[in-house]
Structures are given as structure tokens and as C-alpha cells.
């Protein structure tokens, strides 16, 4: 047995690529491992790659130096999942709800851990019922933090849109270990000493200790939710002219919704199997407030038809509405919406625009909330 | 690398479950007692009463000894497995029955209209706050309903119209597009024994003898002998509710005395799917009944 690590300075290790694979082999006895992977040629432009989440078996499959386009939320909340199986004889729940299964080791960044906290708020904390499908996966998840480092946010192009420091999500907690990619392998920090049991014998003790981003490449001024509420009451925020810009700039593709680590909306629908129409299933799939038909009701009523109104709705949710309900911002500042938007709309810039309107309202309204 | 398998839980996901499983397989009441809030139970259709060309009232068997009946204004997620699920409001309920008045407008309601007495609908709920009759006792109650908006308040009106004295006064305003769209014809007559009932249609026909005009035209006729003790309930399509609330404000009724019931698309009914969110409220959890002041502040 290896000695259990003691203080923080003794919890750092260096692992070569070969010993990383040994570590992953050990992990895979107890966990399925999900990490950013590089899909060659699958990027948004020709001859570019896409980095997104996948299940990995060895070190080479992981891409730890870039930001994934999609967030790790799909491990907990798949883009499409079966809620019930319908057969002629009755209805069955998927085995997910009945079996314990392996743990899910998810490699992710500090902002993404905050993202899971926001999903927890909705799926486990909004209303008296817990979502059992989410909960079944969530109970099995263990976080391995990918270190961004003090300059991580500006280390390469894919991090230029990060604003976690502005959102206060640059530091995380609740992870079992921390990884930093090195030229040959990884630096590893054991936050949870129990994970020392998985270390290969040739792991070398080092003084490595993780660090967190301290500065955003482009800091965002996030308005106080109370000031925003007042600007809403005074009718200066919803009527602000800049929302109309998005009527024409946004094309309602919903990419910002799908890449967001905190967008949790879904739509359920039933399917019947082509081979046997008496069998089928109830599925839920990701839905997004930017996408057409999100609010459509049978009978024809719909809300927020203008794309600018949808941008406003999403913005309010991410930096105001959710905060009123749960005491923290929904947005975690990962910047993926900015990376994904085909129209180059910047959500960070939108937050700054909100701040300017809110400030203007504050300077004319004074501190008295009922001044106007 | 097994990237594409990320969201396929396992091939075993559709295998046969064990005898002692809790998913209710093989029964017609899947997941009952499983704690899965998306699981539904079957309720038999006792009878179906046609209301209009596109509306009908479905009366379902309700196991009243097990579960207390839902309130007016609450709703259920109603399923037809393999077709879909939709939020539908309760139009009346008793110890042994649950009644829903449904308009045929979409896939699920199309399927429900193909059902016959003896067939089952699959429900989970009730959801939402609904109307609490205790809020209206001893008060002057005015109910203004537009179209199918009459369904969620039908039980409420029946309750007070048949119990003289529980409210000091009961006014019912009901607006429909045409005489052919009038719902609850029998009940509207019965209610007249205990309530002042006014029915208007947007477009009359030669045999229509009642008032013609939108529902707001009825508001000026109302008498409010005890304005301090007044409660107004407005239910209907979004525009109808907005202008009816404004009509009551014009009559000097304070916003705080008006209640509305909102309708939104929903996929879950339990605060997860996000479709019914307006600002920091979820219609399924915090509504669908809201004070008018709050509802007016909820801007889409």
C-alpha cells in the first residue's frame, strides 16, 4: 500500500503518458470516464476539429488543452433520452432508474462544475419533485477538475471568450482530483486522498498544487440583480432599444442554448417504432428558448416571437431570474455561447449592455426604489 | 473511443425487468408508487358529453377514497402513450369523478377524442395551485371567463352557485366567439339559480337573443355594492385576460382583488422543462393562478 498523502504540498504527482494510461485503466474498473475529445474535421469550419465530450479509455483520446464546444452537461442530461418504454403489455422505466452501475468520472473545468450546480438547482431543487433520471446519473458523478491556471483563460484562442472571473465561477469545490496537461502526461493533485488508491506505482511526488484563473481576457460587468429588478419595474430594461438589435442579428438557431452548461430546458414527445407500431417510447430532448416553437401551445398561442425578445428572456434568466429564485447567477461565464454563435453575437457584450441600462436607471432613479 | 454511445445508457435499457421491479410493468398503472414523478396512472372514462363541434367534457373515474379530489384551476399532465402528453385543466371534480373539458386542437387531444367510455386516459398530477374556495367565502365573487377559460372555473362556479350564502354575491361573465362555441349550456342555466349569469358572443347569429360583443362590454353593467369585499377571477386567452383586467381596473377594482389563471406550454408540470417560465416564476409551480398585479408584472 502506498502511504496516504498528508498536507496539500504532498498531494501533487507527475504522471508520464504511460502511467496516465495505467491510472485510467484503474479508474475504468469503477468509472466510465468522460472528457473533452477531439473530433478531427468535425469543426464548424472546413479543416477544423471539434472538441466535445466523449467517453474515453486512454490518455491520447483526451483533449485537455482546449475548451470543448459543448459542455459536459450531456453526461448528466443527454440531448435525447428515453423516459419510458411502451410495450403492448405495459410501460417500463429505463434500467438507469433501477441499476446502480459504474461511477461517472467527468473531467471538466471550474466553470463547468458551477454549471452542474445550476443544473442541480433546476432538476433537484426547483419545486417539490426531483428529476429521477438526472438524479440517477448525478449520484454517480465524480468531478476531476481540469486546471485552467492563472492565465488559463487567455492561454489560447478557444479561451478568449471566457469570463468566469467576472461571474465568480473561476474557483470550484467538490472535485476529487485536479489535472494539468503537461508535455509528457499530467500533473495531478489529489483533493480527495481516497483517490490515491488508483495511482500507478511510478507516479512521482511533486509540489504541484492547482491554481485558478484570476483575470478574464475581457472582463464583463455583471449588474446587481436587485438593480436589474428595479430597472425592470421602472420599465427601462425591457424597453431598452438594444434588444431590437437581436431581432435581426439572431437567427434563432439555438446553438447558444445547446452549448450552454446550464440550459436545462427540454421537450417530451412520444415515438412509435416503425417495425411495431404498438411499441414505442417517451423521449425528452433538449429544447431552447431561442428556437421557434418553444412556447407554442396547441391552439396557436405563442409568446416572444421576436428574436430580440428571446435574447432578453435568456439574458434575464441567466443573470437575474434564476438569481431571484436560487441566490446565484445561472450563467457561469464559460463563453461557449459566444464561441458557438454563427452570427457572432456576444452574450458577454449583452451583459455589458444590460449594465449600462441598469446604471443609467440607477443614476436617474436614485436609491429610492419607489422614486419613479 | 465510444463517443456516440455517450447517451445510450446501455443495451440493457429495454430488457425485461424482474418480477419484483417497481416500474409497474405489465400493469396499466405504470410506475405507480415508484416515486417517478413522470409516471402516470390510468383513469377510466365514465362518460363523454359533447359541448361544441370541438369541445367535449370527459368524466373520469376518480378513486376518491385514496386521493382527495383536485381543486378547480389545477391541471393534470394527460398522456396517451405513443401519442404524447399535454397539460389539461380540471373542469370539475368530486369524490369519485374527475372532469376535464377538452378542445380538440392538437395531437394528444385528437387522440383523446378518439376514446370512448371505458377507455383509459393516463394522468399524473394534479399540479399547480388552483383556486382555494376558502379565499372567496363571505365575499362578492365575480368570475369572467373567455372561451375554454370557463372550464378551469366551472367547478368553482358550480360550488358557489349551489351553496347560497357561501359567497355574498356571485356574478358570472362568459364570452364566446359564436353561439356555437358556448360551453356548459346546462350548467349556465343551473347557475342562474345562485348567480347573475351573463353570456356574450363576439359574433351573433339570427337565433341568438343574448348580448353580442366582447366580454369587456359586460363589465360596466356589474354592480359592486360592497367594493371592499370583492374578488374578481379572470380566465381566458391572453388578450382577453389583459383587456378584461383593464376593464375591471377602469371600474375602480384594485389590482390586488383580481386573480388570473395563465396558460403556457409545458412538458413536465414539475418545474424542470422550462417551457412555462416567465421571469422568475414557473406557471406549473407558482401558478397557474396568479394575482393580477403579479401576472401583469410577468412580462414575456
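The values are calculated or read from the model by the stated rules, or taken from the named source; none is laboratory data. The shown structure was predicted, so the numbers you read here are calculated from the model rather than taken from an experiment. All Cβ positions, even for glycine, are placed from backbone atoms using ideal geometry, and neighbour counts span all protein chains on display.
May I ask you to list the residues in the stretch A:222-235 that are surrounded by 15 or more Cβ atoms within 10 Å (Cβ to Cβ) and more than 13 Å from chain B (Cβ to nearest Cβ)?
Matches in the stretch A:222-235: A:222, A:223, A:227.
For residue A:59, only one of the following conditions fails: (1) surrounded by 18 or more Cβ atoms within 10 Å (Cβ to Cβ); (2) out of contact with any helix residue (DSSP H, G or I) (no Cβ under 6 Å at 6 or more places or on another chain); (3) touching a residue at least 12 places away in the same chain (Cβ under 8 Å); (4) more than 21 Å from residue A:260 (Cα to Cα). What is its number?
Just one mismatch for residue A:59, condition (2).
Select the helices (runs of 4 or more DSSP H) contained entirely in the stretch A:143-258, then report the ones holding at least 2 residues which are closer than 27 Å to residue A:103 by Cβ.
Details: elements: A:164-167, A:225-233, A:245-249.
It comes to none.
Can you confirm whether the stretch A:289-300 contains a residue that is farther than 28 Å from residue A:354 by Cα and touching a helix residue (DSSP H, G or I) at 6+ places or on another chain (Cβ under 8 Å)?
Checked against the condition, which is being farther than 28 Å from residue A:354 by Cα and touching a helix residue (DSSP H, G or I) at 6+ places or on another chain (Cβ under 8 Å), the stretch A:289-300 yields at least one hit.
If we scan the stretch B:146-153, do we find a residue that is in a helix (DSSP H, G or I), under 19 Å from residue B:193 (Cα atoms), modelled with pLDDT of 95 or more and in the same structural domain as residue B:217 (by TED's automatic domain parsing)? Spell out how you get there, then give the answer.
Here is the first cut: in the stretch B:146-153, the ones in a helix (DSSP H, G or I) are B:147-153.
Now drop any that are not under 19 Å from residue B:193 (Cα atoms), which leaves B:150, B:153.
Checking the rest, the ones that are also modelled with pLDDT of 95 or more come to B:150, B:153.
Then keep just the ones that are in the same structural domain as residue B:217 (by TED's automatic domain parsing); that gives B:150, B:153.
Yes.
Has the stretch A:264-280 got at least one residue that is touching a residue at least 12 places away in the same chain (Cβ under 8 Å), in contact with a strand residue (DSSP E or B) (Cβ under 7 Å, 6 or more places away or on another chain) and more than 12 Å from chain B (Cβ to nearest Cβ)?
no
Pull up the stretch B:277-294, narrow it to residues that are more than 9 Å from chain A (Cβ to nearest Cβ) and crowded, with 23+ Cβ neighbours inside 10 Å, then point me to the one that is modelled with the lowest pLDDT.
Residue satisfying both the conditions and the ranking: B:287.
For the condition more than 16 Å from residue A:108 (Cα to Cα), under 24 Å from the mean Cα position of the chain (by Cα) and either buried (at least 19 other Cβ atoms within 10 Å of the Cβ) or not assigned by TED's automatic domain parsing to the domain that holds residue A:104 (or both), what is the one hit in A:195, A:218, A:212?
Just one listed residue meets the conditions, A:218.
One residue is enough: does the stretch A:104-112 have a residue meeting the conditions within 20 Å of the chain's Cα centre (by Cα), within 13 Å of chain B (Cβ to nearest Cβ) and buried (at least 23 other Cβ atoms within 10 Å of the Cβ)?
Yes, the stretch A:104-112 contains at least one residue that is within 20 Å of the chain's Cα centre (by Cα), within 13 Å of chain B (Cβ to nearest Cβ) and buried (at least 23 other Cβ atoms within 10 Å of the Cβ).
Can you tell me which residues in the stretch B:92-113 are part of a loop (DSSP other than H, G, I, E, B) and touching a strand residue (DSSP E or B) at 6+ places or on another chain (Cβ under 9 Å)?
Within the stretch B:92-113, B:96, B:104, B:106 qualify.
Pull up the stretch B:10-63, narrow it to residues that are within 12 Å of chain A (Cβ to nearest Cβ) and in a strand (DSSP E or B), then point me to the one that is modelled with the highest pLDDT.
Restricting attention to the stretch B:10-63, the residues satisfying the condition of being within 12 Å of chain A (Cβ to nearest Cβ) are B:10-18, B:20-32, B:34-42, B:54-55.
Pick out the ones that are also in a strand (DSSP E or B) and you get B:41-42, B:55.
Values: B:41: 92, B:42: 92, B:55: 96.
Filtering the stretch B:10-63 for residues that are within 12 Å of chain A (Cβ to nearest Cβ) and in a strand (DSSP E or B), the one modelled with the highest pLDDT comes out as B:55.
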